[in-house]
Number of protein chains: 2
Amino acid sequence: MSTNTTPAKRPGGRSAAVLTSVKNAVEELVAERGRERVTIPIVAERAGVNPTSVYRRWGDLQTMINDIATYRLDPNRPLPESGDLRADLTQWAREIVTHYSNPVNAALLRGGAASAGESESDCLRNRRAEANIMVERAGERSPVTVDEVIDHLVAPIVYRVIFLPWTLSEDTATSLVDRLLPE
Amino acid sequence: MSTNTTPAKRPGGRSAAVLTSVKNAVEELVAERGRERVTIPIVAERAGVNPTSVYRRWGDLQTMINDIATYRLDPNRPLPESGDLRADLTQWAREIVTHYSNPVNAALLRGGAASAGESESDCLRNRRAEANIMVERAGERSPVTVDEVIDHLVAPIVYRVIFLPWTLSEDTATSLVDRLLPE
DNA sequence: TCCTTAAAGCAATTGTGTTTGCGTTATGGA
DNA sequence: TCCATAACGCAAACACAATTGCTTTAAGGA
């Protein structure tokens, strides 16, 4: 599981070159044309690589897209840790909004949504893990649960990204946090 | 625009039979296999119809799916109108949860999400219109705006439908309304 | 430096979605 | 009942994605 985007052996050589150029091609093309109109031959051409290589290494384009969508916002980046839950959640939400203001990431999210549900991998599971860390830090007296953070902070942002992308703005994050944590 | 699912002429005859069988086939197949694995030839076979007919009449499968997804929950159904905003929103939200508890509708929503954004048709625009009616009815003194209803009632439900369908339960609607309208 | 082999390239083939021209059916009005 | 025509069925042609066997390249250890 996790990132099969990492070559098993011989990192840094030709394999790595193919890997990064294919990844870049997928990101560019999904943003340009939308998930629906991206195929492996098209990706291969943009990457300057033979389609066969892509088929053999990944086989399933959707899996690759899910993987990219899941790990493009680095799950190991430092989380805000000011000691104030409100401030931390606000900054964290701002990061997410900024991330999805990039059309590439928005398109990848929509691509992920199409194949979500069932038992498939969820490209937002890292968000939940992060929310969990921050709520845990606040301890017993946290005014919110993880589920509430997902429902009232992550969900509205994701909803806007997918269905109403033009409504995402600078203060989307803050106004959502204001609703989540009454002063 | 709107429902091109209605035959232009000669309703009730062979055309209507094709229409309903194709529509049923799309609903069944999207639920069974997910949007990604549904094609026009497959739909045509299930419907007992020639693929050519589907191509000529609809051409674009995604458009048909969006159309079905948009109008499957009748936008002309009566809205709750008890005089109490909280009660109305609760019942309305419950209807939506029930609707999307049906795997067919959940799959259609995911299919719609894939092609949302940009300038395409949004399969949830009727939800916003409904929310608008109920908030308007509450008049000047409404404790919530339409945007807030979308952000904190519709968005969490939709998010769960798409990414965490197993978390939808009987009291999802009521607990969301409780957060939206502090007592 | 040489040698092994994982990984990429190439080309031919197969499978399937889409288009198109034409014949057939049957609806709904005359 | 008959007729005009909208809509469907059929089959061939087409376009392109996916598969497969084989060759070639180059990474990395001996």
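The values are calculated or read from the model by the stated rules, or taken from the named source; none is laboratory data. Nothing here was measured: the structure is a model prediction, and the numbers come from that model. Heads up, the Cβs are rebuilt from the backbone with ideal geometry, glycines too, and the neighbour counts pull from every protein chain shown. In case anyone asks, the SASA skips ligands and DNA or RNA and just uses the protein heavy atoms, side chains included. Shrake-Rupley method; radii C 1.70, N 1.55, O 1.52, S 1.80 Å.
Scanning for something among the polar types (S, T, N, Q) and closer than 30 Å to A:Val146 by Cβ, does region A:36-52 turn up at least one residue? Give the derivation first.
So in region A:36-52, the residues among the polar types (S, T, N, Q) come out as A:39, A:50, A:52.
Next, from what is left, pick out any that are closer than 30 Å to A:Val146 by Cβ: none.
Checked against the condition, which is being among the polar types (S, T, N, Q) and closer than 30 Å to A:Val146 by Cβ, region A:36-52 yields no hits at all.
Quick check on B:Val177: is it more than 10 Å from chain A (Cβ to nearest Cβ) and either open to solvent by less than 20 Å² (accessible area, probe 1.4 Å) or not aromatic (Phe, Trp, Tyr) (or both)? Write out each step before concluding.
Details: more than 10 Å from chain A (Cβ to nearest Cβ): yes; either open to solvent by less than 20 Å² (accessible area, probe 1.4 Å) or not aromatic (Phe, Trp, Tyr) (or both): yes.
Judged against the criteria, B:Val177 is a match.
Looking at this structure, is A:Glu140 free of Cβ contacts under 8 Å to residues at least 24 places away in the same chain and more than 23 Å from A:Gly34 (Cα to Cα)?
Working: free of Cβ contacts under 8 Å to residues at least 24 places away in the same chain: yes; more than 23 Å from A:Gly34 (Cα to Cα): yes.
Considered against the rule, which asks whether it is free of Cβ contacts under 8 Å to residues at least 24 places away in the same chain and more than 23 Å from A:Gly34 (Cα to Cα), A:Glu140 comes out as yes.
For the condition among the small types (Gly, Ala, Ser), within 13 Å of DNA strand D (Cβ to nearest atom) and outside any loop (DSSP other than H, G, I, E, B), what is the one hit in A:Ala17, A:Ala31?
Details: A:Ala31 fails: within 13 Å of DNA strand D (Cβ to nearest atom).
Answer to the selection: A:Ala17.
Could you tell me which of the residues B:Arg86, B:Arg128 is facing chain A (nearest Cβ under 10 Å) and surrounded by fewer than 21 Cβ atoms within 10 Å (Cβ to Cβ)?
Details: B:Arg86 fails: facing chain A (nearest Cβ under 10 Å).
None of the other options fit; the residue is B:Arg128.
Mind checking which residues of region B:1-41 are more than 15 Å from B:Leu61 (Cβ to Cβ), at pLDDT 80 or above and surrounded by fewer than 13 Cβ atoms within 10 Å (Cβ to Cβ)?
Passing the criteria: only B:Thr20.
Given the options A:Leu108, A:Leu168, name the one that is under 28 Å from B:Gly34 (Cβ atoms), more than 9 Å from every other protein chain (Cβ to nearest Cβ) and modelled with pLDDT of 95 or more. Before the answer, list the steps.
Details: A:Leu108 fails: modelled with pLDDT of 95 or more.
Every option except A:Leu168 fails the conditions.
So B:Ile162 fits all but one of (1) under 16 Å from A:Ile162 (Cβ atoms); (2) surrounded by fewer than 15 Cβ atoms within 10 Å (Cβ to Cβ); what number is the exception?
(2)
Is there any pair with a first residue in region A:59-74 that is touching a residue at least 40 places away in the same chain (Cβ under 8 Å) and a second that is within 12 Å of DNA strand D (Cβ to nearest atom) whose Cβ atoms are under 7 Å apart and which are 6 or more apart or on different chains, and what are they?
Listed by first residue and then by second, the contacts come to A:Gln62/B:Glu36; A:Met64/A:Trp58.
Name every residue in region B:46-104 that is among the β-branched types (Val, Ile, Thr), touching a Pro at 6+ places or on another chain (Cβ under 9 Å) and in the same structural domain as B:Glu148 (by TED's automatic domain parsing), in order of residue number.
So the first thing to find is which residues in region B:46-104 are among the β-branched types (Val, Ile, Thr), and the list is B:49, B:52, B:54, B:63, B:65, B:68, B:70, B:90, B:96-98, B:104.
Add one more test, that the residue is touching a Pro at 6+ places or on another chain (Cβ under 9 Å), and what stays is B:54, B:90.
Passing the criteria: only B:Thr90.
Among helices (runs of 4 or more DSSP H) lying entirely in region B:95-183, which contain 2 or more residues that are farther than 18 Å from A:Asp147 by Cα? Before the answer, list the steps.
On the way: elements: B:103-114, B:125-138, B:146-149, B:155-163, B:172-180.
Output list reads B:103-114, B:125-138, B:146-149.
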